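Participant: Here it is, the structure in full.
The values are calculated or read from the model by the stated rules, or taken from the named source; none is laboratory data. The structure presented is a predicted model; accordingly, all values stated were derived computationally and were not measured. Here the Cβ positions follow ideal geometry from the backbone for every residue, glycine too, while neighbour counts run over all protein chains shown. We work out accessible area using only protein heavy atoms, side chains counted, and drop any ligands, DNA or RNA first. Shrake-Rupley method; radii C 1.70, N 1.55, O 1.52, S 1.80 Å.
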Amino acid sequence: MSFFDLALVYDPARRSCDLDLSDDCDLAVDETALTPMILSIGLDRRAATDDPLPAGRSEWLASAGISERRGWAGDALDPAGERVGSRLWLLDRAKATETTRLLFLFWLDEAMAWVKRETGRAPDIAATWLRRDTLAWRVAIGDDAVELTRSFG
């Protein structure tokens, strides 16, 4: 399957992405699965109403408002009910436990659900504790892979 997206490049030092430019300074096109994978993992999906928000998100024990649940407002307009991004942000204050690793895997799988629908093949997803507080994770679609680490307190 071919992909056609504006290319994103990841800067590991800043842990952020930006649009890529070709040699003639036009926006580059990415025909791999990397850009949609980066978007699926890196964008914040709206938290479900029963998702506990990270501590400190709602001041004064007030009920969580629209902004505390994050996500893209355009999701509400999708006739198929598709959602963009991942709920990995809900683990911002999580501790390094097996439950955290399992939630991380579950939410990676949820963010990448489109792969099976689009390609007929499930993505390869893995997450293992590299050190006591560092989770190494990998998502691959065919030959394209995103591999990073995430620290937990």
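Participant: Could you quote the convex hull projected area for segment 1-52, Cα atoms only and averaged over all directions, in nm²?
Facilitator: 5.5 nm²
Participant: Can I ask one more? How many times 2.2 N^0.38 Å is the alpha carbon radius of gyration of the chain?
Facilitator: 1.12
Participant: Let me ask something additional. Among 119-125, 47-53, how do they line up by average Cβ neighbours within 10 Å per residue, starting with the highest?
Facilitator: 119-125, 47-53
Participant: Kindly report the accessible area of the chain per residue (heavy atoms of protein chains, probe 1.4 Å, no ligands, DNA or RNA), in Å².
Facilitator: On a per-residue basis, 64 Å².
Participant: Charges only on Cβ, +1 for Lys and Arg, -1 for Asp and Glu: so what's the dipole of segment 13-153 about the Cα centre, in debye to the nearest 20?
Facilitator: 940 debye
Participant: To the nearest 0.05, how large is the calculated FRET efficiency for D124 and L27 if R₀ is 22 Å and r is the Cβ-Cβ distance?
Facilitator: With R0 = 22 Å, the Cβ-Cβ based efficiency is 0.15.
Participant: Projected onto the charge dipole of segment 105-153 (+1 at Lys/Arg Cβ, -1 at Asp/Glu Cβ, origin at the Cα centre), which of A122, G153, F106 gives the Cα projection farthest towards the positive end?
Facilitator: About the Cα centre, the residue reaching furthest to the positive side is G153.
Participant: Using a 1.4 Å probe on the protein heavy atoms, what percent of the accessible area of the chain belongs to carbon and sulfur?
Facilitator: Roughly 54 percent, rounded to a whole number.
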